[in-house]
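This report concerns only the one structure given below.
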Amino acid sequence: MNAMDTPEARELSYAEAIREAMDIALESDPRVVLMGEDIGVYGGAFQVTGDLVHKYGTDRVMDTPISELGGAGVAVGAALTGLRPIFEFQFSDFAALAMEQIVNQAAKLRYMLGGAVSVPLVMRFPAGSGTGAAAQHSQSIEAWLAHVPGLKVVQPSTPEDAKGLLLAALEDPDPVMIFEHKILYKSKGLVPAGHYTTPIGKAAIRRAGTDLTIVATSIMVHKALAAAETLAAEGIEAEVIDLRTVRPMDRETVLASVRKTGRLLCVYEGVKTLGVGAEVSAMVAESDAFDFLDAPIVRLGGAECPIPYNPDLEKAVVPQVPGILDAARALAKGRI
Amino acid sequence: MPDTANSDTNLPYALRAYSREDLVGALRKMFLIRKFEEGAEDSYTRGLIHGTMHLSIGQEASAVGSCMSLTDADKITSTHRGHGHCVAKNADLGRMFAEFFGKETGYCRGRGGSMHIADVEKGNLGANGIVGGGLPIAVGAALTAKRLGTGAVTICFFGDGANNEGAFHEALNMASVWKLPVVFVCENNKYGMSTSIERSTSVKNIADRAVAYSMPGVTVDGNDFSAVTEAVDAAVARARAGEGPSLVENLTYRWRGHSKSDRNRYRTKEEIAEWMERDPIRRMADLLVSHDILSEAEVGALEAETEQEIRDAIAFANQSPAPLIEDATRFVYTEEMA
């Protein structure tokens, strides 16, 4: 669905769009429960659950103790037996405390039991840098979880997709991990009213172009689009693909674009080595689209260090618009 | 369900609470567990099973006694030493052996093996390869029961080793804070692999830890069927009445090593022999014989009957087809991807 074509679309923030999705789910499905730390009267560390507790009560908007492993496990057990929990990690970094339940239990139960069960679990992870919260509150760990068969991993970049992917995740019978960028929570966009879903596993072409393909995730989509405007003024037409889902990855959309442009730039905030862009690059290199490449693939990712506190350092270790411009210009050289 | 019609308080609890049929059924299940484990061990020796296994010989009263008052609607979560729990929760022995043999007819179509046997139709949410892995999952199952008002109770089996995992503390705390219908049954067999409870645990009894989570905690002779049943039935009744969780510690002993790699360097032959003297099956049989519920001859016949059932189950597993290699990546997702 395109929000622009929808008469009842309104401008909402990314956080408001997520809250609206949870509101719709709580309203329409008694099996849905929200669980997380300080998601009740506090409204969530980033005010995403907001005032939902006042509408649905503490039995359905449940504050958990500070027990990430136990809380995640309770959500797994609840999903396994008939509820539809939406579990919020206060910061995605804290998922490290719960990896046992996410990786060994939620992801594998269906397989280990030979298909006898499904685990319809939704987990939300406020992720990314830019808040000055330093190394344990700023990571982008989507590649950790995307490495685990049995999980699905999505990274919405717009309010419309944040709502649509959450509602799609709730309809999905398997565990879906949603990485929400903290800096995007206040960003605004048109969001259709009512219930709709954004398909898991489908990328979106945010800007059409012919000279190079930029595959970006999450907040990097916006930086890539900003770069693309500048590039257009210089006569370079970049196609910007918002990957949206990291696992399963939309192979066809990426390959078709690379066949058209012959150049690939991957931009992602997670650590560059073995990150999402590594998989995108390998996917292209292993396919027939490789024959269409006119230049080596370029990746821009997070630096090989934890996220630092100092604001200038913090900016320096993740891709920014000037870096994307430099990489895109170098890559497009020879084509213009 | 316990029937408290017989009010002769001089009788052991189990004889007051359960019918002759229930009690004979319980002894029969205990024999089935013992014979299942012996059959598994024998199959391993013959090379029919690869991988490892964790046998529960000696712990049969804990598994069967704990599940006496459960129905198929009630749930259990189990452990890596979980074969007994499956049998106690009425699993099909042929499908259990088939899983063990890695066959398509097994409970997990051969994908899980000994450490992942589950039987969701009967309320068995599965064994777990991670020590403590089932604890929060059991709390989640109890949360579902409370939210949806199903009336179901969950029994969470775990070993003494798991009581030092963070998951134990987080799970018990949440179950208590939310007053959930779950019973934590610790099967304390004295050793977490090779490390004794004395060397690993700061409290004398694991049940002492219940105090920290404001729930009742009781330690019982886990090789005494009636004692186990009395403690767990009370905890299940409490859970069912909406009064919240309990912790029951069954003191027991595994006769065999932790797994096939165990060279038994951490305990003495004398200690093992001493515990074999407290054989829970012999004690249950003696209880039933001394109260004229069964004769010795009938006990012998019951044992022989269970041996035949195990032979039949092994034959079923042997004759069952293996999974197809091309299906190795099936069942990762519900809607399978290309």
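The values are calculated or read from the model by the stated rules, or taken from the named source; none is laboratory data. The model shown is predicted, which means the values in this text are computed figures rather than measured ones. Cβ sites come from the backbone with ideal geometry, for glycine too, and all protein chains shown count toward neighbours.
Checking each residue in region B:262-310 for being under 29 Å from B:ASN205 (Cβ atoms) and polar (S, T, N, Q) picks out B:ASN264, B:THR268.
Tell me, please, whether a residue that is in contact (Cβ under 8 Å) with a residue 24 or more places away in the chain, in a loop (DSSP other than H, G, I, E, B) and touching a Leu at 6+ places or on another chain (Cβ under 7 Å) can be found in region A:256-271. Checked against the condition, which is being in contact (Cβ under 8 Å) with a residue 24 or more places away in the chain, in a loop (DSSP other than H, G, I, E, B) and touching a Leu at 6+ places or on another chain (Cβ under 7 Å), region A:256-271 yields at least one hit. When A:SER118 is tested against (1) within 14 Å of another protein chain (Cβ to nearest Cβ); (2) under 28 Å from A:ASP250 (Cβ atoms); (3) in contact with a strand residue (DSSP E or B) (Cβ under 8 Å, 6 or more places away or on another chain), exactly one condition is not met: (3).
Of all residues in region A:288-336, which are touching a residue at least 60 places away in the same chain (Cβ under 8 Å) and of a type in the set (Val, Ile, Thr)? Residues satisfying the conditions are A:ILE307, A:VAL317, A:VAL318, A:VAL321, A:ILE324, A:ILE336.
Identify all residues within region B:88-138 that are of a type in the set (Val, Ile, Thr), free of Cβ contacts under 8 Å to residues at least 60 places away in the same chain and surrounded by 21 or more Cβ atoms within 10 Å (Cβ to Cβ); write none if there are none. Once the filter is applied, which keeps residues that are of a type in the set (Val, Ile, Thr), free of Cβ contacts under 8 Å to residues at least 60 places away in the same chain and surrounded by 21 or more Cβ atoms within 10 Å (Cβ to Cβ), region B:88-138 yields only B:ILE117.
Quick one: is A:ARG110 facing another protein chain (nearest Cβ under 9 Å) and touching a residue at least 60 places away in the same chain (Cβ under 8 Å)?
Working: facing another protein chain (nearest Cβ under 9 Å): yes; touching a residue at least 60 places away in the same chain (Cβ under 8 Å): yes.
Against the criterion (facing another protein chain (nearest Cβ under 9 Å) and touching a residue at least 60 places away in the same chain (Cβ under 8 Å)), A:ARG110 qualifies.
Return the residue satisfying two criteria in turn: it lies in region A:77-100 and is in contact (Cβ under 8 Å) with a residue 24 or more places away in the chain and facing chain B (nearest Cβ under 9 Å), and of such residues it is surrounded by the fewest Cβ atoms within 10 Å (Cβ to Cβ). The extreme case among them is A:GLY82.
Within region A:151-174, the set of residues being more than 15 Å from A:ALA204 (Cα to Cα) and touching a Lys or Arg at 6+ places or on another chain (Cβ under 7 Å) comprises A:LEU151, A:LYS152, A:VAL153, A:LEU170, A:ASP172, A:ASP174.
Can you name the residue in region A:180-202 that is among the aliphatic types (A, V, I, L, M) and surrounded by fewer than 20 Cβ atoms within 10 Å (Cβ to Cβ) and is also nearest to A:GLY164 (Cα to Cα) among such residues?
Here is the first cut: in region A:180-202, the ones among the aliphatic types (A, V, I, L, M) are A:183-184, A:190-191, A:193, A:200.
Within this subset, residues satisfying the condition of being surrounded by fewer than 20 Cβ atoms within 10 Å (Cβ to Cβ) are A:183, A:190, A:193.
Working: A:ILE183: 19, A:LEU190: 12, A:ALA193: 11 Å.
By that ranking, first place goes to A:ALA193.
Within region B:222-252, the set of residues being over 17 Å from B:ASP279 (Cβ atoms) and among the hydrophobic types (A, V, I, L, M, F, W, C) comprises B:ALA231, B:VAL232, B:ALA234, B:ALA235, B:VAL236, B:ALA237, B:ALA239, B:ALA241, B:LEU247, B:VAL248.
Scanning region A:235-255 for residues that are within 14 Å of A:THR210 (Cβ to Cβ) and in contact (Cβ under 8 Å) with a residue 60 or more places away in the chain yields A:GLY235, A:ILE236, A:ALA238. Note on region B:291-338: among residues that are more than 27 Å from B:TYR44 (Cβ to Cβ), of a type in the set (Ser, Thr, Tyr) and within 14 Å of chain A (Cβ to nearest Cβ), the one that is surrounded by the fewest Cβ atoms within 10 Å (Cβ to Cβ) is B:THR329.
When B:GLU165, B:GLU170, B:GLU243, B:GLU230 are checked against the criterion of being within 14 Å of another protein chain (Cβ to nearest Cβ), surrounded by fewer than 24 Cβ atoms within 10 Å (Cβ to Cβ) and at pLDDT 95 or above, B:GLU165 stands alone in meeting it.
Only one entry of A:ALA116, A:ALA143, A:ALA79 meets the criterion of being under 28 Å from A:ILE24 (Cα atoms) and in the same structural domain as A:TYR185 (by TED's automatic domain parsing), and that entry is A:ALA79. Restricting attention to region B:188-197, does a residue exist that is closer than 22 Å to B:ASN124 by Cβ and in contact with a Ser or Thr (Cβ under 9 Å, 6 or more places away or on another chain)? Yes - at least one qualifying residue is present in region B:188-197. The criterion of at least 1 residues that are within 11 Å of chain A (Cβ to nearest Cβ) and modelled with pLDDT of 95 or more is met, among helices (runs of 4 or more DSSP H) falling completely within region B:81-151, by B:93-100, B:134-148. For region B:85-98, the criterion of being closer than 22 Å to B:LYS190 by Cα and either in contact with a Phe, Trp or Tyr (Cβ under 7 Å, 6 or more places away or on another chain) or not hydrophobic (A, V, I, L, M, F, W, C) (or both) is satisfied by at least one residue.
For residues that are within 21 Å of B:LEU23 (Cα to Cα) and either among the polar types (S, T, N, Q) or not in a helix (DSSP H, G or I) (or both), tally how many sit in region B:50-68.
Initially, region B:50-68 is screened for residues within 21 Å of B:LEU23 (Cα to Cα), giving B:56-68.
Those still in the list that are either among the polar types (S, T, N, Q) or not in a helix (DSSP H, G or I) (or both) too: B:56-59, B:62, B:66-68.
Within region B:50-68, residues that are within 21 Å of B:LEU23 (Cα to Cα) and either among the polar types (S, T, N, Q) or not in a helix (DSSP H, G or I) (or both) number 8.
Looking only at region A:205-252, how many residues end up being in a loop (DSSP other than H, G, I, E, B), surrounded by fewer than 24 Cβ atoms within 10 Å (Cβ to Cβ) and among the hydrophobic types (A, V, I, L, M, F, W, C)? Working first, answer last.
Let us first name the residues in region A:205-252 that are in a loop (DSSP other than H, G, I, E, B), namely A:208-211, A:217-218, A:234-237, A:243-244, A:248-250.
Add one more test, that the residue is surrounded by fewer than 24 Cβ atoms within 10 Å (Cβ to Cβ), and what stays is A:208-211, A:234-237, A:248-250.
Among the residues that remain, those that are also among the hydrophobic types (A, V, I, L, M, F, W, C) are: A:208, A:236, A:249.
Qualifying residue count, region A:205-252: 3.
When we screen A:VAL61, A:VAL103, A:VAL74, A:VAL153 for residues that are more than 18 Å from B:ALA167 (Cα to Cα) and either out of contact with any Asp or Glu (no Cβ under 6 Å at 6 or more places or on another chain) or within 12 Å of chain B (Cβ to nearest Cβ) (or both), the only hit is A:VAL61.
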